[in-house]
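A.B. asks: I have a structure here, written as structure tokens, and I will follow up with some questions on it.
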Amino acid sequence: MRIVMKPWNDHTSASMKAKSQRNRSHDRRTFLAAGLLGLAGGLPSFANAAGDAKPNTPSSTAMKIKGLNPPDAPAADVGYTPGILAEGQRLVFISGQGPRDYNADMETQFRQTFERIKVILEQAGGSMANIVILRAYFTHFSRDLPVYRKVRKEYLVKPYPASTAVGVTELAPPGNQIEIEAVAVL
């Protein structure tokens with residue numbers, strides 16, 4: 001082994017500091033990319049910009065979804081699947097969506113919310129059938145959960161997405177009583 005000693009000066013310090021920052025930045029990007037790949041189940045690529053998305057038709061996609069229904073982890077209700085095994089090329093992460101009209105009856109508000117999710121998926125080249133997980137938040141959980149369960153079955157197909165429903169004290173923006181976020185695999 002050969003050790004080379006170089007004189008230390010301000011230029012050396014600045015150069016080493018810049019290199020260290022680049023390495024940390026690269027390490028951080030590598031870590032995040034690996035984490036996303038892990039979350040995506042090792043999917044080889046990620047969603048292109050919405051303008052580059054191609055329509056997701058049965059003949060043009062390799063997307064596969066399999067419902068996981070182990071006997072020791074049953075679904076909470078009809079319309080839910082305890083787990084989803086998904087394969088595909090792209091992921092779509094949909095931020096929490098709410099209704100257009102906060103004063104409409106709850107069934108209408110849920111339909112408006114699912115319609116918003118639907119148009120986002122269509123812009124990405126997908127459909128409601130591509131959803132692999134939903135998270136729903138309600139400010140009136142007991143009142144709204146039965147309505148949510150009814151409406152979601154009109155928009156989703158088997159295997160139904162893995163799902164979580166949560167009661168919360170409030171949502172943004174003020175007056176919003178429901179919010180639904182989704183992840184889809186195309």
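A.B. asks: Report the extension gain between residue 169 and residue 68 in nm, rounded to one decimal, defined as 0.36 nm multiplied by the number of residues separating them, less their alpha carbon distance. Walk me through the numbers on the way to the answer.
C.D. replies: Working: separation 101, 0.36 × 101 = 36.36 nm, distance 3.19 nm.
33.2 nm is the gain from fully extending residue 169 to residue 68.
A.B. asks: Once you have the Cα-Cα distance between residue 104 and residue 143, take 0.36 nm times their residue separation minus that, and quote the gain in nm to one decimal.
C.D. replies: Numbers: separation 39, 0.36 × 39 = 14.04 nm, distance 1.48 nm.
Stretched out fully, the residue 104 to residue 143 stretch lengthens by 12.6 nm.
A.B. asks: Skipping prolines and chain starts, which residues have an amide H placed within reach, meaning under 5 Å, of the one on residue 132, given they are 5 or more residues away or on another chain?
C.D. replies: HN-HN under 5 Å from residue 132: 183, 184, 185.
A.B. asks: With Cβ to Cβ distances under 13 Å as the rule, what net charge do the other residues near residue 153 carry (K, R +1; D, E -1)? Write down the numbers at each step before the final one.
C.D. replies: Values: positive: 111, 149, 150, 152, 158; negative: 77, 107, 154.
Counting the neighbours of residue 153, the net charge comes to +2.
A.B. asks: Taking the Cα centre of the range 50-185 as the origin and placing charges on Cβ (Lys, Arg +1; Asp, Glu -1), which of 127, 164, 104 is farthest toward the positive end of the dipole?
C.D. replies: 127
A.B. asks: For the range 53-186, count the residues as N, evaluate 2.2 N^0.38 Å, and divide the Cα radius of gyration by that value, please. Can you show the working numbers first?
C.D. replies: Values: Rg = 14.8 Å, N = 134, 2.2 N^0.38 = 14.1 Å.
Scaled against compact globular proteins, the figure is 1.05.
A.B. asks: What pairs from 66/118; 64/150; 64/158 go past 19 Å between their alpha carbons? The partial results should precede the final answer.
C.D. replies: Numbers: 66/118 21 Å; 64/150 26 Å; 64/158 12 Å.
The answer is 66/118; 64/150.
Quick note: the coordinates plus some simple rules give every number you see, no bench work behind them. Just so it is clear, the structure is predicted and the values come from calculations on it, not from any experiment. Virtual Cβ from ideal backbone geometry, glycine too; neighbours counted across all protein chains shown.
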